[in-house]
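Below is one structure, written out as structure tokens; the observations come after it.
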């Protein structure tokens, strides 16, 4: 049985410890000889280039729900452990690198990241991909970390095909990079991308260019702006002790009258959830599995 259940459910703030979640964290699934799990390199067209992507396909005939997993700025934490456990729970997971990041061609910018995420959703919706990868076209979710959390909220707000959204320490781009004095914004961006320390993760940009882009779009690029368009869909907000919680609280407050299911969990850890990786996976897995009519294993 496929599809999503009714999102109008009681909010659960505890960490899920269901057997299905624990299996996904600790046990390899049975091998399906006809429909095995695979890890596939893929080229995702966006703009005039192909993005470097990886599709983790779930084993079994399916069709399987699919998560698009979006990394942050620049994406030092890729959340591959989360991708693998989500796949073990019966989901396909698509990850990719935005234009100009981690070897994907093109120029990096926040606007291009938004376009790239939309292109990834469109790539999954193509008829032959749905058939080849056993994708359930009615069960797309997006999970984003840091800047990827902002991208996730933005893309979901503009693409109703995305049925559920999870934000992991989402960066409120307007407030985080657009509001501070410009020199401070440049410094904050550089702390993330490491340009001044000799790293070359992003192409075609600079901390100054990214700070200027965020400043120019500060009013539009706030998480709370997406509350109305996200209304009615399941939304998970995870925060940590990294300074980004305020923007997430503003989004949650704006959705206080939501007709969907809003869940929030705070972790006392750093921005990468360095000492809470299993707890983070358990939380996201429990949220994902609770939305399925039946367990897709």
- Message: From the list 84, 78, exactly one residue is closer than 19 Å to residue 39 by Cα, within 15 Å of the chain's Cα centre (by Cα), touching a residue at least 12 places away in the same chain (Cβ under 8 Å) and not in a loop (DSSP other than H, G, I, E, B). Which is it?
- Response: 84
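Could you look through the stretch 246-261, keep only residues that are in a helix (DSSP H, G or I) and surrounded by 19 or more Cβ atoms within 10 Å (Cβ to Cβ), and pick out the one that is nearest to the chain's Cα centre (by Cα)?
The selected residue is 248.
For residue 202, are the conditions met, namely being buried (at least 22 other Cβ atoms within 10 Å of the Cβ), within 25 Å of residue 290 (Cα to Cα) and either over 19 Å from the mean Cα position of the chain (by Cα) or in contact (Cβ under 8 Å) with a residue 12 or more places away in the chain (or both)? If you could, list the steps in order and put the result at the bottom.
Numbers: buried (at least 22 other Cβ atoms within 10 Å of the Cβ): yes; within 25 Å of residue 290 (Cα to Cα): no; either over 19 Å from the mean Cα position of the chain (by Cα) or in contact (Cβ under 8 Å) with a residue 12 or more places away in the chain (or both): yes.
It is false that residue 202 is buried (at least 22 other Cβ atoms within 10 Å of the Cβ), within 25 Å of residue 290 (Cα to Cα) and either over 19 Å from the mean Cα position of the chain (by Cα) or in contact (Cβ under 8 Å) with a residue 12 or more places away in the chain (or both).
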- Item | Residue satisfying all of: in the stretch 106-160; without any contact (Cβ under 8 Å) to a residue 60 or more places away in the chain and part of a loop (DSSP other than H, G, I, E, B); farthest from the chain's Cα centre (by Cα) among these | 126
- For residues that are closer than 25 Å to residue 166 by Cα, touching a helix residue (DSSP H, G or I) at 6+ places or on another chain (Cβ under 6 Å) and not in a loop (DSSP other than H, G, I, E, B), tally how many sit in the stretch 214-229. 6
- Message: Which numbered condition in (1) crowded, with 20+ Cβ neighbours inside 10 Å; (2) not in a loop (DSSP other than H, G, I, E, B) is the only one that residue 233 fails?
- Response: (2)
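Looking at the stretch 115-145, which of its residues are under 30 Å from residue 240 (Cα atoms) and touching a helix residue (DSSP H, G or I) at 6+ places or on another chain (Cβ under 6 Å)? It would help to see each step written out before you state the result.
Taking the stretch 115-145 as the starting set, the residues that turn out to be under 30 Å from residue 240 (Cα atoms) are 115-121, 139-145.
Matches in the stretch 115-145: 117, 118, 142, 144.
Residue-by-condition table, conditions (1) touching a strand residue (DSSP E or B) at 6+ places or on another chain (Cβ under 9 Å); (2) part of a loop (DSSP other than H, G, I, E, B); (3) at pLDDT 95 or above; (4) surrounded by fewer than 23 Cβ atoms within 10 Å (Cβ to Cβ):
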site: 24; (1), (2), (3), (4): no, no, yes, no
site: 34; (1), (2), (3), (4): no, yes, yes, yes
site: 40; (1), (2), (3), (4): yes, no, yes, yes
site: 43; (1), (2), (3), (4): yes, no, yes, yes
site: 50; (1), (2), (3), (4): yes, no, yes, yes
site: 54; (1), (2), (3), (4): yes, no, yes, yes
site: 69; (1), (2), (3), (4): yes, no, yes, no
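The values are calculated or read from the model by the stated rules, or taken from the named source; none is laboratory data. Predicted model only: the values in this text are computed from it and were never measured. Cβ sites come from the backbone with ideal geometry, for glycine too, and all protein chains shown count toward neighbours.
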